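The values are calculated or read from the model by the stated rules, or taken from the named source; none is laboratory data. Computed from a predicted structure; not experimentally measured. Because the Cβ atoms are built from the backbone with ideal geometry, glycine has one as well, and the counts that use them run over all protein chains shown. Surface areas here come from the heavy atoms of the whole protein model, side chains and all, with no ligands, DNA or RNA. Shrake-Rupley method; radii C 1.70, N 1.55, O 1.52, S 1.80 Å.
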Amino acid sequence: PTRAREGNIHHGDPANRSLPMISHLGTMLSNIAGSADSQRRFGRPAVGYAFIGDGGSSTGDVHETFNLASLLSLPVLFVIENNGYAYSTPVSEQYAAGAELWRRAAGYGMEGIQFDATDVEISTRTLAAAIEKVRRTSRPMVLEAHTLRLRGHAAYDTCDYLRPGESEDFFARDPLPRLRAKLDPKQVEAVESELGAFLETCIKLTLSTPRPDPAGMEADLYAPTPAPLPWNPGIPLAGAVPPAGLQSGAAPPQQLNLAQAVNAGLRKILTERPESILLGQDIGVYGGAFRVTEGLFKDFGRSRVLNTPLAESSCTGYAIGLALNGHRPIEEFQFADFATEAVTQIVLNAATMHFRSGAACPLVLRLPCGGGLTLGSFHSQELESLFLSVPGLKALYPSNAQDAFNAVLAAYEDNNPVLLFEHKILYRRGRTHVAWDPGYRDVWQPKKLRAGDFATFVTYGEMVHLADEACTYLAEEYETTFDLFDLRALAPLQLDSIRASLDRTGRLIVLHEGRRTHGFGAELVARLTEEKFSALKAAPLRIAALDLPVPFAPELEQAFRPSKEKIIDQISSWMR
């Protein structure tokens, strides 16, 4: 099913509602919560069914998901299989409050029960009743299944950590021999004969299957790009939800800042796409930390604009679950910095989903980023290099209101997880004309802003404005002109027009706000010089921030990050 790209216990079948595993077990529970909620939103009486071990239930994602499932009243059955050991660590060394893990449910307003999983009849009745109750009430439940360990955690686990006689006691309580003794031997023999023949056929088929062919792996990194969605160009870009029976024809342009343009894109999506869901902290009545979602909660309600708890990891996992089941969620992080709380979900789960399971994961992650507002190290990061070192993610970084509006639509309709970087300084830096643009998908390509012959100048985000100002100064003072490109899409990189420019100019300047070491500009320089080294007339110039945490005081932050003056100084020195 995974075309040999996933391990034996990690594979899944998302098309049939069995989600693929990752080794970070706690993160999977929120995926189940999202998919179960998606099923219910589509009107299907589904139940989410999630297993976790006694050890895995220690992770923060489990507790975040318990709270989220109870808060949203999601029909999920959480089963904690307690065999007394997390790999080799006994329960007594995992929990100070004892091993009654089912009692945690009460802290989250859920029902919790325990049962003896070594009794097949009790297990069957208990699980059947729990599934029926969760299906009927749409309330989550926690079940602690007391079981035992007949083998180690993995094939190489020798189990030498068990106490003397403990293994023998486990085997004495093995439920299957006890069940067999209660059943009709002829019936058991018939079932085993049927299963034996089936397994023999499976083994023969497996052994006859050729070893995997590496060809085509890179082409399967991303889910296929869908046809453009049928957007209605006549829907206004701002204001209340439009009435039914809109007249055709493009909506007139409006004067919007970047924050308003993002809001207009989100409003258009919520109006036209019933499978869309917005989620994030404080995005409801308050309108988000930067008021980008202002008015959307009032017009579309909590079912579409969902205020979430302060739990970035489980909320991102919940969004992944929604995406795997047919919804298309858009998650806002208060600051890009806080996305580090969800790194496992983003880079190990969402980014790898299509490659390892064939499932599309259409998810937009909105990341207010960048410095210049004296917000310090934890609210000012540029994290594109961190996230985009992982294959499977796409990324857009608009520098103006029209591109921001287009980027929201382009990111939403993509069948892959898309990071949408939004520089906080640009949110309210002036207003420009924003209108419906039938070429909104062009935002995936670089845009040439200036023409010149001295060098090819590549940048993105807020740095586009500083670069443009620097180009104006250098043209006036030095009579030196540049091909200036706004990269716009950081992944996948589309560099053909930039390569053509570099063939002509023979010089390359790359500017980005993030730190220089391991910065995104290093990747741009490496790719372009590898391919165009013979065309270069000079060493490439990289302009970036200092290799420091983002400092707080305005004087320190100004010295830390690129400015128009520093850009001009570095280019002037390089020109000499």
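Between Lys133 and Ser23, the distance separating the two model label sites (each 7 Å from Cα on the Cα→Cβ line) works out to 3.7 nm. Near Ser38, once Lys and Arg are set to +1 and Asp and Glu to -1 for all other residues with Cβ below 13 Å from its Cβ, the sum equals +3. By the gyration tensor of its Cα atoms, with a ≥ b ≥ c the square roots of the eigenvalues, what is the shape of the stretch 378-432: rounded for a/c under 1.5, prolate for a/b over b/c, or oblate? Judged from the Cα gyration tensor, the stretch 378-432 comes out oblate (a/c at least 1.5, b/c at or above a/b).
Let me have the relative contact order for the chain, percent, based on Cα pairs under 8 Å that are six or more residues apart.
Contact order relative to length: 12 percent.
Using the Cβ of Lys424 as centre and a radius below 14 Å, the other residues enclosed give a net charge of -2, where K and R count +1 and D and E count -1. Once the Cα atoms are used to define both axes, helix 28-41 deviates from the longest principal axis of the chain by about 90 degrees. Tell me the label-point distance for the pair Phe198, Arg304, using the 7 Å Cα-to-Cβ offset, in nm and rounded to one decimal. In this crude label model, Phe198 to Arg304 measures out at 4.5 nm. Across the chain, the fraction of Cα-Cα pairs farther apart than 31 Å, rounded to a whole number, is 57%. Of the whole protein surface, Val285 contributes about 130 Å² of accessible area at a 1.4 Å probe radius. Over the stretch 344-427, Cα pairs under 8 Å with separation of 6+ residues give a relative contact order of 42 percent. Over the chain, dividing the summed -39,500 (n - 2.57) contributions of all DSSP H runs of at least 4 residues by the number of residues returns a 222 nm mean residue ellipticity of -10500 deg cm²/dmol. Using Cβ point charges alone (K and R +1, D and E -1), the dipole size of the stretch 445-551 about the Cα centre works out to roughly 340 debye. Remark: the chain carries a charge dipole of roughly 1160 debye about the Cα centre, counting +1 on each Lys and Arg Cβ and -1 on each Asp and Glu Cβ.
Computed from label points 7 Å out along Cα-Cβ, the spacing between Arg291 and Val120 is 6.6 nm. For the chain, the longest principal axis of the Cα atoms and the long axis of helix 564-575 meet at an angle of about 70 degrees. Counting Lys +1, Arg +1, Asp -1, Glu -1, what net charge surrounds Ala319 among other residues with beta carbon under 12 Å of its beta carbon? Combined, the nearby Lys, Arg, Asp and Glu give -2.
Each of Phe533, Thr459, Ala553 was placed along the dipole of the stretch 452-576 (beta-carbon charges, centred on the mean Cα), and the one lying farthest toward the positive end is Phe533.
Could you calculate the FRET efficiency of Asp442 with Arg41 from 1/(1 + (r/R0)^6), where r is the beta carbon distance between them and R0 is 51 Å, rounded to 0.05?
Details: r = 33 Å, r/R0 = 0.64.
With R0 = 51 Å, the Cβ-Cβ based efficiency is 0.95.
Considering the dipole of the chain built from charges on the beta carbon (Lys and Arg +1, Asp and Glu -1) around the Cα centre, which of Ala172, Ala128, His379 is farthest to its positive end? Going by the charge dipole, the pick is Ala128. Across the stretch 1-104, C-alpha contacts under 8 Å between residues 6 or more apart give a mean separation that, scaled by the residue count, equals a relative contact order of 22 percent.
Would you please give the FRET efficiency between Arg5 and Gln494, computed as 1/(1 + (r/R0)^6) with r the Cβ-Cβ distance and R0 = 22 Å, to the nearest 0.05? Computed FRET efficiency for Arg5 and Gln494 comes out at 0.25. For Ala227 and Leu373, the difference between the fully extended length at 0.36 nm per residue and the C-alpha to C-alpha distance is 48.6 nm.
For the stretch 362-474, a simple Cβ point-charge model (Lys and Arg +1, Asp and Glu -1, everything else neutral) yields a dipole of about 200 debye relative to the Cα centre. If the chain linking Arg576 and Gln94 were pulled fully straight, counting 0.36 nm for each residue of separation and taking away their Cα-Cα distance, it would gain 167.1 nm.
Protein-only accessible surface at a 1.4 angstrom probe places the residues Ile203, Ile283 in the order Ile203, Ile283, largest first. For the stretch 440-476 versus the stretch 271-305, the inter-centroid distance based on Cα atoms is 34 Å.
Checking the Cα-Cα distances for Lys133/Lys394; Lys268/Lys532; Lys448/Lys537; Lys133/Lys204; Lys532/Lys564 against a 32 Å cut-off, the pairs over it are Lys133/Lys394; Lys268/Lys532; Lys133/Lys204.
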